[in-house]
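Here is the structure we will look at.
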Amino acid sequence: MKKHFLILLIPILSLFVSNEVKAQCNSSLVTVCSAKLSDDATYLKELRARLQAHESGQQMPVARFSLLLNKGNHYRFNICNAEEFEGQAILQLYDKDKLLGTSYFSKTKKHYPSFDFICPKTGVYKVLISFEDGKEGCAVGILSLVNK
């Protein structure tokens, strides 16, 4: 009986340990990032990305999301990194293959914590989250509506 109890106890304990180790990469990171929203913004959605390091010869890992955005709305995209990972997050907004906004400018190699987007037409837009130089990382993007 004790043997069966131990067999059941080990997987249960490993769940608690793994959740605690990754806590910053989950709900607490969402809380930290959403707290950075300005008073003129209303939280709409979170976009979570946890990516492994880029292996040479393989395609760069990217988290992909689809969002329905409405014409005339003023949106803000915030991005926050989990401190325990080396990767610096890059959030990009696309309409089909056209880049509409980004949190990183490769020419200046500068990261920005947010960018605004005034939606020109109602439709489905793509959001990509990746990490600079393909490093391992965890990030949360926050979509918010800027109040007029």
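The values are calculated or read from the model by the stated rules, or taken from the named source; none is laboratory data. Keep in mind the model is a prediction, meaning the values are calculated, not measured. Heads up, the Cβs are rebuilt from the backbone with ideal geometry, glycines too, and the neighbour counts pull from every protein chain shown.
For (1) more than 22 Å from GLU132 (Cα to Cα); (2) assigned to a helix (DSSP H, G or I); (3) in contact with a Lys or Arg (Cβ under 7 Å, 6 or more places away or on another chain); (4) at pLDDT 60 or above, each residue gets a yes or a no:
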position: SER14; (1), (2), (3), (4): yes, yes, no, no
position: VAL17; (1), (2), (3), (4): yes, yes, no, no
position: GLU20; (1), (2), (3), (4): yes, yes, no, no
position: LEU29; (1), (2), (3), (4): no, yes, no, yes
position: VAL32; (1), (2), (3), (4): no, yes, no, yes
position: ASP39; (1), (2), (3), (4): yes, no, no, yes
position: LEU44; (1), (2), (3), (4): yes, no, no, yes
position: ALA49; (1), (2), (3), (4): no, no, no, yes
position: GLU55; (1), (2), (3), (4): no, no, no, yes
Selection from segment 94-148 of residues that are closer than 18 Å to CYS33 by Cβ, assigned to a loop (DSSP other than H, G, I, E, B) and of a type in the set (S, T, N, Q):
SER103
Please go through segment 98-148 and give me each residue that is among the basic types (Lys, Arg) and either touching a residue at least 12 places away in the same chain (Cβ under 8 Å) or touching a Gly at 6+ places or on another chain (Cβ under 6 Å) (or both), ordered by number.
LYS121, LYS126, LYS135, LYS148
Enumeration of residues in segment 62-93 that are surrounded by 19 or more Cβ atoms within 10 Å (Cβ to Cβ) and assigned to a loop (DSSP other than H, G, I, E, B):
ALA82, PHE85, GLY87
Taking the conditions exactly as written (out of contact with any helix residue (DSSP H, G or I) (no Cβ under 9 Å at 6 or more places or on another chain) and surrounded by fewer than 16 Cβ atoms within 10 Å (Cβ to Cβ)), does GLY57 satisfy them or not?
yes
